[in-house]
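Visitor: There's a structure below that I have some questions on.
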Amino acid sequence: MDDSLFQAGIDARSRVLGPEFVTKAFSTADSFNRDFQEIVTEYCWGGVWGRSTLDDRQRSLNNLCILASLNRSHEFKLHFRGALRNGCTLDQLRDTLIQVMVYAGVPAGVEAFRLAREVLDAEGVVPPPTDKPMPDIPGTDRSTAAQG
């Protein structure tokens, strides 16, 4: 294990996912998964997130595209929460998920938006209302209610 990469990984993982998450990951580790936790921390978080060319927000958006495309819902929600934590805006997150829908398929986009809403609700993040009017929908009272 490279101690400097491991420490960089601890720092990055704590910064993005929160120190509570990292503490729990290591405090619940046992002889079966301790090495896994160390490798993930050193290799993913130290070796990749510790690089300086991309900032944490860009890495988060990249991860969301990949995780949504691979249908990794647990990791998607974890990294969506991390994206909020490290400053991604709702506009950036929305447009990232729209890009997922176009390049990975509508079902991947639908699932990504559904999972994102779960995280937003759990975190108490309430997007502002839209300023776009609802379209007229045939067979509803909306068009007559708007007129009268």
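Visitor: Arranged from highest to lowest average of other beta-carbon atoms within 10 Å per residue, in what order do the peptides 7-18, 101-112, 25-36 appear?
Guide: 7-18, 101-112, 25-36
Visitor: In percent, what relative contact order does the chain have, based on Cα pairs under 8 Å that are 6 or more apart in sequence?
Guide: Worked out over the chain, it gives 20 percent.
Visitor: Also: With +1 on the Cβ of every Lys and Arg and -1 on the Cβ of every Asp and Glu, and nothing else charged, how large is the dipole of the chain about its Cα centre, in debye rounded to the nearest 20?
Guide: 240
Visitor: Oh, and also: With +1 assigned to the C-beta of every Lys and Arg and -1 to the C-beta of every Asp and Glu, and no other charges, what is the dipole magnitude of segment 1-53 about the Cα centre in debye, to the nearest 20?
Guide: Roughly 240 debye for segment 1-53.
Visitor: If one takes the longest principal axis of the Cα atoms in the chain, at what angle in degrees, from 0 to 90 and to the nearest 10, does the Cα axis of helix 56-69 lie?
Guide: Once rounded, one gets 70 degrees.
Visitor: So, with +1 on the Cβ of K and R and -1 on the Cβ of D and E, and no other charges, what is the size of the charge dipole of segment 55-124 about its Cα centre, to the nearest 20 debye?
Guide: 100
Visitor: Which option, (1) 15.5; (2) 17.3; (3) 16.4, is the value of Kirkwood radius over Cα pairs in Å that was calculated from these coordinates?
Guide: Only one listed value fits the structure, namely (2).
Visitor: Mean separation of Cα pairs under 8 Å and 6+ residues apart, divided by the residue count of segment 1-53: what relative contact order is that in percent?
Guide: Relative contact order of segment 1-53: 58 percent.
Computed from the coordinates by the stated procedures, all read-outs in this text should not be read as laboratory data. Since this is a predicted model, take the numbers as computed values, not measurements. Ideal geometry is used to build each Cβ from the backbone, glycine not excepted, and the neighbour counts take in all protein chains shown.
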